[in-house]
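These notes concern the structure reproduced below.
The values are calculated or read from the model by the stated rules, or taken from the named source; none is laboratory data. Quantities reported herein were computed from a predicted structural model and do not represent experimental measurements. Every residue, glycine as well, gets a Cβ built from its backbone with ideal geometry; the counts of neighbours run over all protein chains shown. With ligands, DNA and RNA removed, areas are computed over all heavy atoms of the protein, side chains included. Shrake-Rupley method; radii C 1.70, N 1.55, O 1.52, S 1.80 Å.
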Amino acid sequence: MAYWVWQMPILQLSAALLEGLIIAATILWIIFGAIVLLKVLTLSGAMAVIKAGFSQLSADKRVQLVIIGWLFVGFLEGAAGFGTPAAIAAPLLVALGFSPLAAVVLALVADSAAVSFGAVGTPVLVGLAQGVPGVTSAELHQIALTAIGIDIFVASWLPLILVLMYSRFFSEQANWRYGLAAAPFALLSGLAFTLPAYGVTWWLGPEFPSVLGALLGLAITCSAAHFNFLTPRSTLTPDNALATSLHLAKNDMPIAASPQINRIPLWQAWLPYVAVALLLVLTRVTTLPLKAWLQSMNWQWQGILGTDISVSVAPLYLPGSVFMLVALAAAWGFRLSAVNVGKAFMQSGNMLLPSCIALAAAVPMVRIFLHSDVNALALPAMPIALAAVAAQYLSDYWLAFAPLVGALGSFIAGSATFSNLMFGSFQQAMALQAELPQTLVLALQMLGANAGNMICVVNVVAAASVVNLNGREGEIIRYTLWPMLFYCSGAALVAFWFFS
């Protein structure tokens, strides 16, 4: 369409494609680093220790799901983002006795609310800052506050949706009642994340709401589980047998047995993930010299193929480099053999191939979409053209459609950051056309983009490949589509009631 309809020059088209491939490579590095760390922890036995720690905290699958799927995933999203949380949490849930399909579906649904701020604020500080012309830091802060304010009324329900989905579709009981029995604990965990995240956004800005909100939520929820505060009275029967039967019935590849647990203390098993979070936060604080030092090692390609398109990569600043550094340190600390280290890298590379294919297609498409303003017909860029057409028919109902556009962007582009980059200017133009507050519409774009993370092709492929569910992506999306629609509809309703 860019070549035949928009008549983009072939050099502009090629430059956008090359830019997209380079950006895709940076995302692949993040995913690769996260999977290598996961494999190192698995082969060393540290992951089995973490599993045992969660099992000791509570034997109830609903409680485990809320703590791991909702809050641990939220923490990972704030620390790394870009699809790695679901890829890390899914095998952990499988190790706890969840079926592979349940683990992937529930991890993807959980990996949503924290995506608004993603990896240390990237969807806001990169996505909106670069995707919305003329937006200021003060406006970004207000957009972020509006988004998390809406989330208090919408995202706080997601843990309940998680336990309801698990109890009805993936447990032996197959009954909504078991999910409703966990409603008080689930709602507590929802508010334990969204309320601190709002405070962090108001106080510190959009970089750390997911990290700090999830950490505070983990502290509150784990304490509640330890003292049986608001936890379900009846323990949901473990469904290992069901997981195995479902797994084998679908002709899946068998999940490798967990290695024998070494004598690793629980705190030491958790240390790599704590180190990842600490390093990511320290390298993102502008008042410390680390951020400037890492960003100074910057590779740039200015004026790709003689166009005005440029790309730059700071390889040491990427979260993937932090993952890799911690993975190598963990391999040394856990005394992993050279053979197992090589196995970790080999398995990670094999698992990365489906993501390579998806990213190599999706990200260049996004860049072509954004750079289509250079064309022989003097047409506006594709997002602006979309806004002009949509304004003719949908401006009176745009609060309902704004989140869906954000979700579409994540589904296509593979991340909330790229959704905001791709549709930020479109949403800004629609707000002006519909005479709606720009801050509100862009907040709905943020929330829709995080909801789209549930059905995002790249994330689905990455999470499915980790637990050997390749080829069942369509089945996964059929489960995650409905929570995504709930999230978008809920955000639109709250926006209409409280802000219009």
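Going by what's in this entry, would Ala16 be described as in a helix (DSSP H, G or I), open to solvent by 40 Å² or more (accessible area, probe 1.4 Å) and farther than 30 Å from Ala182 by Cα? For Ala16, the condition - in a helix (DSSP H, G or I), open to solvent by 40 Å² or more (accessible area, probe 1.4 Å) and farther than 30 Å from Ala182 by Cα - is not met. The residues in region 336-359 that are modelled with pLDDT of 80 or more, open to solvent by less than 50 Å² (accessible area, probe 1.4 Å), assigned to a helix (DSSP H, G or I) and hydrophobic (A, V, I, L, M, F, W, C) can be counted, and the count is 3. With the requirement that a residue be open to solvent by less than 50 Å² (accessible area, probe 1.4 Å), over 23 Å from the mean Cα position of the chain (by Cα) and closer than 18 Å to Phe486 by Cα, what does region 157-208 give you? Of everything in region 157-208, those that are open to solvent by less than 50 Å² (accessible area, probe 1.4 Å), over 23 Å from the mean Cα position of the chain (by Cα) and closer than 18 Å to Phe486 by Cα turn out to be Gly179, Ala183. Residues of region 138-156 that are closer than 12 Å to Gln438 by Cα and open to solvent by 10 Å² or more (accessible area, probe 1.4 Å): Glu139, Leu140, Gln142, Thr146. Filtering region 361-387 to residues that are open to solvent by less than 50 Å² (accessible area, probe 1.4 Å) and in a helix (DSSP H, G or I) leaves Ala362, Val363, Pro364, Val366, Arg367, Ile368, Phe369, Leu370, Met382, Pro383, Ala385, Ala387. Among the residues of region 311-332, those that are small (Gly, Ala, Ser) and free of Cβ contacts under 8 Å to residues at least 60 places away in the same chain comprise Ser312, Ala314, Ala329.
Whenever a residue of region 212-237 is crowded, with 21+ Cβ neighbours inside 10 Å, its partners that are modelled with pLDDT of 85 or more and of a type in the set (Lys, Arg), lying with C-beta atoms within less than 6 angstrom and at least six residues away or across chains, give the pairs Leu236/Lys61; Leu236/Arg62. Return the total of residues in region 467-488 being in contact (Cβ under 8 Å) with a residue 60 or more places away in the chain and either open to solvent by less than 70 Å² (accessible area, probe 1.4 Å) or within 18 Å of the chain's Cα centre (by Cα) (or both). Matching residues across region 467-488 total 13. Candidates in region 300-335 are the residues that are within 18 Å of Ile23 (Cα to Cα) and among the small types (Gly, Ala, Ser); of these, the one that is most open to solvent (accessible area, probe 1.4 Å) is Ser312.
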